[in-house]
1. When the Cα centres of region B:1-26 and region A:131-184 are compared, how far apart do they sit, in Å?
2. Measuring from label point to label point, each 7 Å out along Cα→Cβ, what is the residue A:133 to residue B:83 span in nm?
3. With a/c under 1.5 counting as rounded, go ahead and sort region B:47-92 into rounded, prolate or oblate using the C-alpha gyration tensor (a ≥ b ≥ c being the square roots of the eigenvalues; past the cut-off, prolate if a/b is larger than b/c, else oblate).
4. Could you work out how far apart the two model spin labels at residue A:168 and residue B:2 are, taking each label as a point 7 Å from the Cα in the direction of the beta carbon, and quote it in nm?
5. Given R₀ = 30 Å, FRET efficiency for residue A:24-residue B:39 by Cβ-Cβ distance, to 0.05?
6. For Cα pairs less than 8 Å apart in space and 6+ apart in sequence, what is the mean separation divided by the residue count of region A:2-145, i.e. the relative contact order in percent?
7. Can you pull the mean other chain C-beta count within 10 Å for peptide B:57-69?
8. Angle, helix A:149-161 long axis vs. longest principal axis of chain A, Cα atoms, 0 to 90°, nearest 10?
């Protein structure tokens, strides 16, 4: 599972950066164990590292997580059981698993979703443990280029998503909109606003 | 402002609860119902729009300003490699090494 391996490195870089931002070893590890949402963790951490408070950090992670709302809604028809059972199964949604389990026709393979998430959870936890404990021995994480891991990972997911003309244009549009909003909106908001580009799906049939 | 240890614990726990609620709401909200076609088309487009925004803000923005750094170059090169269908692990390695090397010289 390449995503599990990359997740290990990504999570390691998270823990190293978290320690630098004032998290204890236990706090860096517990975050990955109980939050288990890479982009939300990085969003929250970037606010804390930038000197922001708890409300701002929470808002950033919540906005970053908003896509899980959309992903969960898309997944809903593919999950059996009552509300509690479906809510519990929804916890298995992480970016890579969601994309892999997506059959591309509006339905999802839920066992593929769980099976892809399980190894990622394991390596995500391990990565943060290693990063938190041994991170200080590595020195300055920026000097090592660890901040290039996270965007490369999301770029891989993006390229996998850009299957046809419509998805390509939506990808380009979302990126440009987010970039345009960077100077005028608080961190986290440009990404949320970019999701509005998906509304072109109302007007256009997939190519 | 540096957060105290207690504040960081509050943040971690609140973030975990928030994430669990957001992940749980979607499946419960619409479970078992058949969705209209326009809904599927919007949701299918949600991922490319958000992922693109995440990448762009990570490599071309620093807080509220546009910025270009060594990691912009590293990730761009990795992006071309990904587009050429080279393995993800190799692409991540190249992004990291290239970024680190550029920072040594800049």
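1. If we compute the Cα centre of each part, the gap is 22 Å.
2. That separation, rounded to one decimal, is 4.2 nm.
3. Since a/c reaches 1.5 but b/c is at least a/b, the shape of region B:47-92 is classed as oblate.
4. Between residue A:168 and residue B:2, the simple spin-label model gives 5.0 nm.
5. 0.10
6. Normalised by residue count, the contact order of region A:2-145 is 42 percent.
7. 6
8. 10 degrees
Throughout, read-outs are computed from the coordinates displayed, never taken from laboratory work. Keep in mind that this is a model prediction, so the values were computed, not measured. Because the Cβ atoms are built from the backbone with ideal geometry, glycine has one as well, and the counts that use them run over all protein chains shown.
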